[in-house]
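The values are calculated or read from the model by the stated rules, or taken from the named source; none is laboratory data. Every value quoted in this text rests on a predicted model; they were computed, and no experiment measured them. Backbone-built Cβ (ideal geometry, glycine too); neighbour counts: all protein chains shown.
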Amino acid sequence: MVLSAAQAFINPEEFITQYGDNQRYELIDGELIDREPTGLHEQVAAWICRKLNAEIDRLDAPYFIPQRCLIQPLGTFNAFRPDVVVLDERELVNEPLWTREPVVTLGTTIKLVVEVVSTNWQNNYARKYEDYEALQIPEYWIVDYLGIGGKYFIGSPKQPTITVCNLVNNEYQKVMLRRGDCLQTSLFPNLQLSTDKIFKK
């Protein structure tokens, strides 16, 4: 979607009103971004979501994965639409928009965010990384199942990579996982996911 110069900037309130129900778009630095998801992208996200949901059920944990959700960091012109997000239902009482819209603004509500890399990979490795870290979200996965991110982020030669970012002393510490590795999450210590299962999608 191409916007005219007059439409080039959108504030978060306008975005939520006009595009809140449209899964295709998110807002980054006031710009409307087409997420351009492919079938494979959706397949990878759905597999991860299924595994996390199973663990939530097994533990009867006070978490859930919404079907639709925007992350709108207060004081920014961003409204991210994560591929998978695990929310703490106990924290929703503190969310100012939740009773009207599926929008979260506080990092304390979010336990884990997963972004599956597509053509707009720069957003996952840069802008979202910065804002998720600023929100103090405990864990952020960047699932680059095609290995299309920049060499600075996934190394050379480029290959399928999952970057696990864990919050340590208010900053993300990154671990890169490749084929044959096991993906583990601090949120669910007993859950182990094979990277090969993700990369073969």
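Selection within the stretch 67-116: residues that are under 19 Å from Glu36 (Cα atoms) and charged (D, E, K, R). The member of this set that is surrounded by the fewest Cβ atoms within 10 Å (Cβ to Cβ) is Arg68. Set side by side, the residues Leu97, Leu27, Leu112 differ, and just one is over 24 Å from Gln173 (Cα atoms) and either within 12 Å of the chain's Cα centre (by Cα) or not in a loop (DSSP other than H, G, I, E, B) (or both), which is Leu27. I'm trying to understand the selection: among the residues of the stretch 129-188, which are acidic (Asp, Glu) and assigned to a helix (DSSP H, G or I)? Within the stretch 129-188, Glu130, Asp131, Glu133 meet the criteria.
For Gln18, the conditions (1) modelled with pLDDT of 95 or more; (2) part of a helix (DSSP H, G or I) are fulfilled apart from (1). From the list Ala61, Ala54, the one residue that fits, being within 30 Å of Asn190 (Cβ to Cβ) and assigned to a loop (DSSP other than H, G, I, E, B), is Ala61. Figure legend. Inter-residue proximity from the stretch 167-178: first residues without any contact (Cβ under 8 Å) to a residue 60 or more places away in the chain, second residues among the polar types (S, T, N, Q) and not in a strand (DSSP E or B), beta-carbon distance below 7 Å, spacing 6+ or different chains. Indicated pairs: Leu167/Gln136; Asn170/Gln136; Leu177/Thr195; Arg178/Gln159; Arg178/Thr195. The residue that is nearest to Ile198 (Cα to Cα), counting only those in the stretch 149-176 that are aliphatic (A, V, I, L, M) and more than 17 Å from the chain's Cα centre (by Cα), is Ile154.
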